[in-house]
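Remarks on the structure that follows.
The values are calculated or read from the model by the stated rules, or taken from the named source; none is laboratory data. Please read all numbers here as calculations on a predicted model, not as lab measurements. Ideal geometry is used to build each Cβ from the backbone, glycine not excepted, and the neighbour counts take in all protein chains shown. Accessible surface areas use protein heavy atoms only, side chains included; no ligands, DNA or RNA. Shrake-Rupley method; radii C 1.70, N 1.55, O 1.52, S 1.80 Å.
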Amino acid sequence: MRWSFSKFSKVEQCGLGYYRHYELGERGPSSDPLRKGSLVHEVLETVARVAVAKRYSGPLDLEKTLALYSKLWGGHYPDGGTAGHYQDGEEIVAAWVERTQTIDYRRIVAIEKRFSLPLGDDGDTLIGFIDIVERDADGRLVIKDYKTNRAMYTRDEVDESMQLGIYALAAEWLYPGEPAPRLCYDMLRHGYEQYTERTPEALATLGRYLGTLA
């Protein structure tokens with residue numbers, strides 16, 4: 001069986017909810033927060049892909065980034081959405097450009113990095129995608145997940161995040177021999193990056209826990 005953070009998160013919340021969502025396919029229409037998050041993710045990831053493709057290092061262009069946002073809008077809001085939805089997402093993207101200011105393709109290791117690693121001894125796998133993998137000024141890997149949440153996470157929520165823990169497990173598999181990465185939730189609405197790390201002991205415990213959930 002193929003497991004993901006989303007599936008494990010649903011299992012933690014409610015086993016019946018997991019069964020209805022994934023086994024019976026009872027999935028409602030996509031909400032605005034989900035569509036907007038997906039749209040903003042695509043904009044930021046496209047900017048990074050273009051920088052890598054063109055081997056570009058330099059300032060971000062706000063006008064071009066907002067034009068990209070406009071171009072991608074219809075794919076996420078085929079029903080048109082609302083002007084309020086459009087403005088909200090545009091402000092998130094503009095704030096990211098103004099905060100980030102520059103981009104350096106040399107620090108980008110991977111974009112929307114897929115992983116698939118064994119989970120336990122029953123043939124199950126843990127799959128997922130990491131938004132972006134970068135290197136900081138010291139050359140250390142930084143695994144970053146973009147968030148458009150309206151509420152910030154608490155310190156405990158970041159330090160105990162299953163999602164970030166799964167990314168740390170994936171990093172061990174994807175980048176053997178590298179020092180343990182820094183893990184980051186980039187809270188786009190707030191212009192703030194929340195960082196944490198995981199010890200080998202914590203990752204070992206998480207691996208056993210995920211196997212138990214599965």
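Which of the lysines could a cross-linker span from K71 if the Cα-Cα distance has to be under 22 Å and same-chain partners fewer than 8 positions apart are dropped?
Output for K71: K36, K54, K147.
Which distance in Å, rounded to a whole number, links the C-alpha centroids of the stretch 185-201 and the stretch 1-24?
What the calculation gives is 25 Å, centre to centre.
What list of ³J(HN,Hα) couplings, whole Hz, do you get for the stretch 199-214 from phi and the Karplus terms 6.51, -1.76, 1.60, once you set θ to phi - 60° and write x for glycine and proline?
Using θ = phi - 60°, the values come out as 7, x, 5, 5, 5, 5, 5, 4, x, 5, 5, 5, x, 5, 4, 4 Hz.
Quantify, in whole percent, the carbon and sulfur part of the accessible surface of the stretch 1-96 (1.4 Å probe; protein heavy atoms only).
55 percent
Which of I130, H85, A48 sits farthest toward the positive end of the charge dipole of the stretch 11-137, with +1 on the Cβ of Lys and Arg and -1 on the Cβ of Asp and Glu?
Comparing the listed Cα positions along the dipole, A48 ranks first.
Amide H of V109: which non-local residues (sequence gap of 5 or more, or other chain) have their own amide H closer than 5 Å, using H built in the peptide plane?
The list, which skips near neighbours in sequence, is V133, E134, R135.
Excluding D79 itself, what net charge comes from residues whose Cβ is under 13 Å from its Cβ, given Lys and Arg +1 and Asp and Glu -1?
0
Suppose every Lys and Arg Cβ carries +1 and every Asp and Glu Cβ carries -1, with no other charges. What dipole size does the stretch 12-130 come out with about its Cα centre, to the nearest 20 debye? Can you show the working numbers first?
Working: 14 positive and 18 negative charges, 125 e Å.
Once rounded to the nearest 20, the dipole reads 600 debye.
If you bin every alpha carbon distance in the stretch 143-188 into 5 Å steps from zero, what whole percent lands in each bin?
5, 21, 28, 24, 13, 7, 2, 0
On a straight-distance basis, which aspartates and glutamates could pair with K10 in a cross-link, Cα separation under 16 angstrom, same-chain partners fewer than 8 positions away excluded?
E23, E26
Restricting attention to the stretch 74-140, which trypsin sites (Lys or Arg not before Pro) occupy a DSSP loop and are surrounded by at most 15 other Cβ atoms within 10 Å?
Answer by residue number: R140.
List the lysines whose Cα sits under 16 Å from the Cα of K144, skipping any in the same chain fewer than 8 residues away.
K113
Could you tell me which residue out of M162, Q13, Y146 lies farthest along the dipole of the chain toward its positive end? Charges go on the beta carbon: Lys and Arg +1, Asp and Glu -1, centred on the Cα centre.
Positive-most Cα among the choices belongs to Y146.
For the stretch 1-88, report the accessible area per residue in Å² (1.4 Å probe, heavy atoms, rounded to an integer).
Accessible area per residue: 61 Å².
Would you tally the net charge around E26, using a Cβ to Cβ cut-off of less than 13 Å, leaving E26 out, and scoring K and R as +1, D and E as -1?
Net charge in that neighbourhood comes out at +2.
Per residue of the stretch 82-93, what does 6.51 cos²θ - 1.76 cosθ + 1.60 with θ = phi - 60° give for ³J(HN,Hα)? Whole Hz please, x for Gly and Pro, Karplus curve as stated.
9, 4, x, 4, 4, 5, 4, x, 4, 5, 5, 5
Semi-axes, largest first, in whole Å: what does sqrt of 5 times each Cα gyration tensor eigenvalue give for the stretch 21-76?
Semi-axis lengths for the stretch 21-76 are 31, 13, 8 Å.
Averaged over all directions, how much area does the convex hull of the C-alpha atoms of the chain cover when projected, in nm²?
Answer in nm², one decimal: 13.0.
How large is the dipole of the chain about the Cα centre if only Lys and Arg carry +1 and Asp and Glu carry -1, each at its Cβ, rounded to the nearest 20 debye?
I would put it at about 460 debye.
Can you list residues from other chains, or at least 5 along the same chain, whose modelled amide H is less than 5 Å from the amide H of S4?
I127
Per residue of the stretch 19-35, in order, report the coupling 6.51 cos²θ - 1.76 cosθ + 1.60 (Karplus, θ = phi - 60°) as ³J(HN,Hα) in whole Hz, putting x for Gly and Pro.
4, 5, 6, 8, 8, 8, x, 7, 10, x, x, 5, 7, 4, x, 5, 5
When the label point is put 7 Å from the Cα of A94 along its Cα-to-beta-carbon vector, which residues of the stretch 51-69 have a backbone N closer than 17 Å?
Residues passing the 17 Å test: 60-69.
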